[in-house]
Amino acid sequence: MANDPRPVVSLIQLVLAVAVFAVAAVGAWYVYSGRHQPTGSVCQSAEDCASGLCVGSGVGTAFGTCRSRCTSEGECPTGTVCDDVAGERGCVPAPTLTAGSTCSGSRECLSGTCFGFQLPLVDGYPPPLDRVCVDPCGEGGACAEGFACAAAGGDFVCAPDRILRAISGG
């Protein structure tokens with residue numbers, strides 16, 4: 001039994017199998033981690049993207065999207081615009097949301113303004129901000145039906161009636 005080569009061969013096979021698995025796992029982690037991913041891929045930081053530009057997808061999110069760099073509108077694909085993001089110029093989705101639509105950032109709104117209205121306490125706790133796209137109106141200005149001009153953050157915006165009713169308790 002002492003001269004039986006099978007235990008040594010089995011041990012060598014085991015070590016090789018573990019080594020191959022480890023290399024495969026590290027390779028899969030590297031690919032999965034998003035290192036140098038193409039435009040449109042999920043990212044956590046600029047280092048994850050081939051372009052070096054990772055644009056957050058909204059307020060409170062840990063992940064963003066790899067975006068192409070640009071210097072003018074003509075360089076961006078259809079449905080995107082060249083805009084300032086994170087101190088760089090990048091192709092980001094064109095704004096599509098109208099006044100009163102729920103938003104996570106001003107870049108999503110056609111008006112260019114996403115405002116967070118603080119609603120009254122619920123059971124003694126503040127609810128999350130009700131963030132919606134708003135149009136500017138100027139003090140006493142006119143707003144579309146379903147909206148009223150209201151002071152908000154030092155400006156005057158067309159606030160949705162439903163939000164104003166919630167704030168006033170009515």
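Structure above, values below:
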item: Single match in G27, G79, G34 (criterion: loosely packed, with under 14 Cβ neighbours inside 10 Å, more than 30 Å from Q118 (Cβ to Cβ), modelled with pLDDT under 80 and not hydroxyl-bearing (S, T, Y)); result: G27
item: Residue, nearest to the chain's Cα centre (by Cα), within region 115-137, restricted to residues that are modelled with pLDDT of 75 or more, assigned to a loop (DSSP other than H, G, I, E, B) and within 18 Å of R165 (Cα to Cα); result: V134
item: Within region 82-114, tally of residues that are open to solvent by 30 Å² or more (accessible area, probe 1.4 Å), under 22 Å from C54 (Cβ atoms) and not in a strand (DSSP E or B); result: 9
item: Matching entry among A142, A151, A166 (being hydrophobic (A, V, I, L, M, F, W, C) and assigned to a loop (DSSP other than H, G, I, E, B)); result: A142
item: Which listed residue is in contact with a helix residue (DSSP H, G or I) (Cβ under 9 Å, 6 or more places away or on another chain), touching a residue at least 24 places away in the same chain (Cβ under 8 Å) and either hydrophobic (A, V, I, L, M, F, W, C) or under 30 Å from A166 (Cα atoms) (or both), from C82, C91, C103; result: C91
item: Conditions (1) within 30 Å of C54 (Cβ to Cβ); (2) surrounded by fewer than 19 Cβ atoms within 10 Å (Cβ to Cβ); number of the one not met by R165; result: (1)
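The values are calculated or read from the model by the stated rules, or taken from the named source; none is laboratory data. This structure is a prediction, so every number in the text was calculated from the model and none was measured. Please note: Cβ atoms are built from the backbone with ideal geometry, for glycine as well, and neighbour counts cover all protein chains shown. All accessible areas refer to the heavy atoms of the entire protein, side chains included, with ligands and DNA or RNA removed. Shrake-Rupley method; radii C 1.70, N 1.55, O 1.52, S 1.80 Å.
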